[in-house]
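Peer 1: I have a structure I would like to understand better, so I am pasting it below and will then ask my questions one at a time.
The values are calculated or read from the model by the stated rules, or taken from the named source; none is laboratory data. Here the structure is a predicted model, which is why all the values come from computation and not from measurement. Cβ atoms come from the backbone with ideal geometry, glycine included; neighbour counts cover every protein chain shown.
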Amino acid sequence: MSEIIASYNQAEYFVDEIGQPIRVGEINAEVENLLQKFNASSWSFITAWNPLSVEFSAEENFRRNHKLKEDLTDYRIFEGEGRDSQGLWTPERSFLILGISRSQAKNLGVKYGQRAILFGEKNKPCELVETFFTKGNCEIIRREKTAFLCSRKVSASVVLKCYDWAIAQREAGNCVISGFHSQIERDVLHYLLKGSQPIIVALARGLKKQLEPELTEPLEKGRLLIISPFADKINRVSRENALIRNRMMIDLADKLTVGFAETGGMTEKLIEKCPAKTEFIR
């Protein structure tokens, strides 16, 4: 993936309303003028095209960018395009966003599955900020995905229903994305691994240097994708990181299946924001 990041570092990023392209490591005078004009101190350049650097159809990319634009109503934005001079990737329609903070920009990058975003502050060179880290078969991101969440405290009857659900997903060849962190989630992973369908493991820490033994074969066979919004230096799971990871899963997934949501717990609060794509295991 270093080649992809290198290509992003070398690319040129154009804003429709200004002539001088934005380049990593440089201060763009015309962007500085926009910051001055609109009384902003920071900016970012973000696209929703081609999550994980996997090429999607033009129709899907424009749909994703439309959704991103809906998330930018609180900012002054200008449309633009990222272009790779080496021809390694197709030009990507993007947005220059004024007045956005680094953390807000990174969150948007994660939400739309972007490996990196551009970020800059007034009178400072443009930075390429990595936002998404992967191991395994990134082509799996094209598949329809169901996120699985379950609170830690569950009854025995719920546990059995989750097992049945996992077996049904496996037999149907459905792609499931989950943190597979709690005991019930690890049990669900156990049943999923017995099949041949793709699986996405979402981490609430940086990518591990050494995989669990049961993940080695699926990784080698190309049916496993491991993703994280955290750099390698983040090597512990915290409640805050788990929340970021779970939001990422929900954003990437087409559907959300909940084994059980404890009243007042993290899972219940998360699913309140996406009722349209949530179903409970009954």
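Peer 1: Tell me the residue from Ala29, Ala40, Ala48 that is in contact with a Ser or Thr (Cβ under 9 Å, 6 or more places away or on another chain), of a type in the set (A, V, I, L, M, F, W, C) and at pLDDT 95 or above, please.
Peer 2: Values: Ala29 fails: in contact with a Ser or Thr (Cβ under 9 Å, 6 or more places away or on another chain); Ala40 fails: in contact with a Ser or Thr (Cβ under 9 Å, 6 or more places away or on another chain).
So the residue among Ala29, Ala40, Ala48 that is in contact with a Ser or Thr (Cβ under 9 Å, 6 or more places away or on another chain), of a type in the set (A, V, I, L, M, F, W, C) and at pLDDT 95 or above is Ala48.
Peer 1: Another question, if that's okay. So Ile97 ticks every box in (1) closer than 28 Å to Arg239 by Cα; (2) in contact with a Leu (Cβ under 7 Å, 6 or more places away or on another chain); (3) assigned to a strand (DSSP E or B) but one. Which box is left unticked?
Peer 2: Condition not satisfied by Ile97: (1).
Peer 1: Between Val129, Val158, which is free of Cβ contacts under 8 Å to residues at least 60 places away in the same chain and either assigned to a helix (DSSP H, G or I) or within 25 Å of the chain's Cα centre (by Cα) (or both)? Full working, then the answer.
Peer 2: Numbers: Val158 fails: free of Cβ contacts under 8 Å to residues at least 60 places away in the same chain.
On inspection, the qualifying residue turns out to be Val129.
Peer 1: So in the range 199-215, with the set limited to residues that are within 15 Å of the chain's Cα centre (by Cα) and of a type in the set (Val, Ile, Thr), which one is surrounded by the fewest Cβ atoms within 10 Å (Cβ to Cβ)? Let's see the steps before the verdict.
Peer 2: First, the residues of the range 199-215 that are within 15 Å of the chain's Cα centre (by Cα): 200-207.
Still in the list and also of a type in the set (Val, Ile, Thr): 200-201.
Details: Ile200: 25, Val201: 23.
Per the stated criteria, the residue is Val201.
Peer 1: Would you please name the residue that is nearest to Gly265 (Cα to Cα), looking only at residues in the range 237-253 that are small (Gly, Ala, Ser) and outside any helix (DSSP H, G or I)?
Peer 2: Of all residues in the range 237-253, those small (Gly, Ala, Ser) come to 238, 242, 253.
Filter again for outside any helix (DSSP H, G or I), leaving 238, 253.
Numbers: Ser238: 15, Ala253: 21 Å.
The extreme case among them is Ser238.
Peer 1: Scan Glu81, Glu60 and give me the residue that is surrounded by fewer than 21 Cβ atoms within 10 Å (Cβ to Cβ) and assigned to a strand (DSSP E or B). Lay out the reasoning, then the answer.
Peer 2: Values: Glu60 fails: assigned to a strand (DSSP E or B).
Exactly one of Glu81, Glu60 is surrounded by fewer than 21 Cβ atoms within 10 Å (Cβ to Cβ) and assigned to a strand (DSSP E or B), namely Glu81.
Peer 1: Tell me, which residue of the range 216-256 that is among the hydroxyl-bearing types (Ser, Thr, Tyr) and surrounded by fewer than 21 Cβ atoms within 10 Å (Cβ to Cβ) is farthest from Asp164 (Cα to Cα)? Can you show your working first?
Peer 2: So in the range 216-256, the residues among the hydroxyl-bearing types (Ser, Thr, Tyr) come out as 216, 228, 238.
Next cut, surrounded by fewer than 21 Cβ atoms within 10 Å (Cβ to Cβ) only: 216, 238.
On the way: Thr216: 25, Ser238: 29 Å.
The extreme case among them is Ser238.
Peer 1: While we're looking at this one, here's another question. Please work out if Gln169 is assigned to a loop (DSSP other than H, G, I, E, B), over 19 Å from the mean Cα position of the chain (by Cα) and not small (Gly, Ala, Ser).
Peer 2: Working: assigned to a loop (DSSP other than H, G, I, E, B): no; over 19 Å from the mean Cα position of the chain (by Cα): yes; not small (Gly, Ala, Ser): yes.
In short, no.
Peer 1: Let me ask something else about it. Which of the following residues is free of Cβ contacts under 8 Å to residues at least 60 places away in the same chain, out of contact with any Phe, Trp or Tyr (no Cβ under 9 Å at 6 or more places or on another chain), crowded, with 18+ Cβ neighbours inside 10 Å and on the phi < 0 side of the Ramachandran plot: Ser196, Ser182?
Peer 2: Working: Ser196 fails: crowded, with 18+ Cβ neighbours inside 10 Å.
From the options Ser196, Ser182, the qualifying one is Ser182.
Peer 1: Same structure, new question: Limited to the range 132-155, what total is found for residues that are assigned to a loop (DSSP other than H, G, I, E, B), in contact with a helix residue (DSSP H, G or I) (Cβ under 9 Å, 6 or more places away or on another chain) and of a type in the set (Gly, Ala, Ser)?
Peer 2: Just the residues of the range 132-155 that are assigned to a loop (DSSP other than H, G, I, E, B), to begin with: 132, 137, 143-144, 150-155.
Restricting the remaining residues to those that are in contact with a helix residue (DSSP H, G or I) (Cβ under 9 Å, 6 or more places away or on another chain) gives 132, 137, 150-152, 154.
Next, from what is left, pick out any that are of a type in the set (Gly, Ala, Ser): 151.
Looking only at that region, the number is 1.
Peer 1: Something else: For the structure I just gave you, tell me whether Glu268 is in a strand (DSSP E or B), out of contact with any Cys (no Cβ under 7 Å at 6 or more places or on another chain) and modelled with pLDDT under 95. It would help to see each step written out before you state the result.
Peer 2: Numbers: in a strand (DSSP E or B): no; out of contact with any Cys (no Cβ under 7 Å at 6 or more places or on another chain): yes; modelled with pLDDT under 95: yes.
The answer is no for Glu268.
Peer 1: Taking the range 182-236, which residues are among the small types (Gly, Ala, Ser), closer than 30 Å to Ala156 by Cα and assigned to a loop (DSSP other than H, G, I, E, B)? Explain how you work it out, then say what you get.
Peer 2: Let us first name the residues in the range 182-236 that are among the small types (Gly, Ala, Ser), namely 182, 195-196, 202, 204, 206, 222, 228, 231.
Restricting the remaining residues to those that are closer than 30 Å to Ala156 by Cα gives 182, 195-196, 202, 204.
Matches in the range 182-236: Ser182, Gly195, Ser196, Ala204.
Peer 1: Specify which of the listed residues (Gly109, Gly120) is assigned to a helix (DSSP H, G or I) and buried (at least 21 other Cβ atoms within 10 Å of the Cβ).
Peer 2: Gly109
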